Amino acid sequence: MTDPPTEVGATVANDLFDKYVLPKVALAVILTASLVGTWVTGRLADQTAVVVTLAKWSYLVSLGVLTGGLVWKHLFVRPQDLGTDASEYCAEMYSRFDSVATVAVVVLASSGPFVLAKYASSLGTSLLVVTLGVLSSLWVGTTVVTVRRSTSVDEQFRSQSGLLTMALALAVVVVTALAEVSLRGFDPMAAAVRVLHLLAFAAWIGGAVWNIFVAVPTGQRHPTTDVVQAAGEQLERFRWAVRFIIPTLFLTGLYQAVDAFGVSVGNYLGNPVGLAVLAKIGCIGLLVVIFKLCPMWRACSPIDGVCELEDLGNGRPSGGSAEGEADD
């Protein structure tokens, strides 16, 4: 027996106007902007081959997914989340992140050696290149160990090996940024700006991937009040970080654009690289709009109550379903 036309129409309408599409659009915009940015930096460093651009983009994305994910795992999750009914939720999130991290490590292990070889071909076996190779190897090793090791969520949370893995991830991001700047001739100010730019990118894309592919599907399986409270607070910590990430990306990106092309509009409109820079700036503007619309449209998360933490009060009553309590 087929569903009535009214129900089918309602289902199609819900899918078409799914409010949670906004975070997914934001992730797509971030990925597009990063691909454009990778192509621009490659052109400026005379690395124009498509395979180089795609390899470096894959490397940066996997680097960001792992780094930002580790930040959420050890900083956005808080100790009180593990002592309530949300502890099972956190344990399942950690397990889901291990799956995401496994894919990211495979991509990183595939693209990383190619990118490192490109750095070596331009910079030689300098201390910077050797340091990046050593740090990357150590980081991949500790990541594989922490991902494959079966321990409880309490043992994983802010463990020595977990914090070491996060610290190595941040170090690899910093050294990668320094290597990128060195391709055009090292400049301290340009290096500092590039470091901030890549750190902001890693925090954002890693957090976005965690929210969409880790936090949301896990939270939908455990719709209790404690889970909604924990998920909402973790998401708000990420949104708080994004309030700094957006201006950091914009200002550092603007500095890099002016450093390369100056302030004349004609310099940007007169060549493909300049137009790509303007497109990337437009992407950041679109991300600002999405960031503002999400809470206004209650589109932060499809988990009932996550976008309305104030309605739950300050307490953390354990047990019952958030949806059921909302109906009482």
**Request:** Considering each of V172, V144 in turn, give the residue that is crowded, with 21+ Cβ neighbours inside 10 Å, assigned to a helix (DSSP H, G or I) and within 20 Å of the chain's Cα centre (by Cα).
**Result:** V172
**Request:** Working only within segment 56-95, note down all residues that are more than 13 Å from the chain's Cα centre (by Cα), surrounded by 22 or more Cβ atoms within 10 Å (Cβ to Cβ) and modelled with pLDDT of 90 or more.
**Result:** K56, Y59
**Request:** Might you check whether a residue that is within 24 Å of G112 (Cα to Cα) and modelled with pLDDT under 90 occurs anywhere in segment 221-233?
**Result:** no
**Item:** Answer residue from segment 258-297, given it is in a loop (DSSP other than H, G, I, E, B) and either closer than 20 Å to V29 by Cα or not small (G, A, S) (or both) and is nearest to the chain's Cα centre (by Cα) among those
**Value:** W297
**Message:** Here's a check for you: in segment 246-266, which residue that is β-branched (V, I, T) and closer than 20 Å to A190 by Cβ is modelled with the lowest pLDDT?
**Reply:** V263
**Request:** Identify the residue in segment 163-212 that is of a type outside the set (G, A, S) and in contact with a Lys or Arg (Cβ under 7 Å, 6 or more places away or on another chain) and, among all such residues, is farthest from L22 (Cα to Cα).
**Result:** V181
**Message:** Give all pairs with beta carbons closer than 6 Å in which a residue from segment 210-238 that is free of Cβ contacts under 8 Å to residues at least 60 places away in the same chain meets a residue that is crowded, with 18+ Cβ neighbours inside 10 Å and of a type in the set (K, R); count only pairs at least 6 apart in sequence or on separate chains.
**Reply:** none
**Complete:** Among residues of segment 31-55 being in contact with a Leu (Cβ under 7 Å, 6 or more places away or on another chain) and modelled with pLDDT of 90 or more, the residue nearest to A101 (Cα to Cα) is S34
**Request:** Restricting attention to segment 253-287, report how many residues are in contact with a Phe, Trp or Tyr (Cβ under 6 Å, 6 or more places away or on another chain) and within 13 Å of T32 (Cβ to Cβ).
**Result:** 1
**Message:** Whether any residue in segment 107-128 is of a type outside the set (K, R), buried (at least 16 other Cβ atoms within 10 Å of the Cβ) and within 24 Å of R237 (Cα to Cα) is what I want to check.
**Reply:** no
**Asked** Can you name every residue in segment 221-237 that is part of a helix (DSSP H, G or I) and out of contact with any Phe, Trp or Tyr (no Cβ under 6 Å at 6 or more places or on another chain)?
**Response** R221, T225, D226, V228, Q229, A230, A231, G232, E233, L235, E236
**Request:** Being part of a helix (DSSP H, G or I) and either of a type in the set (D, E, K, R) or modelled with pLDDT of 95 or more (or both) narrows it down to one of A203, A192, so name that one.
**Result:** A192
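The values are calculated or read from the model by the stated rules, or taken from the named source; none is laboratory data. Small disclaimer: the values here were computed from a predicted structure and weren't measured. Neighbour counts are summed over all protein chains in view; Cβ atoms, including those assigned to glycine, are modelled from backbone coordinates with ideal geometry.
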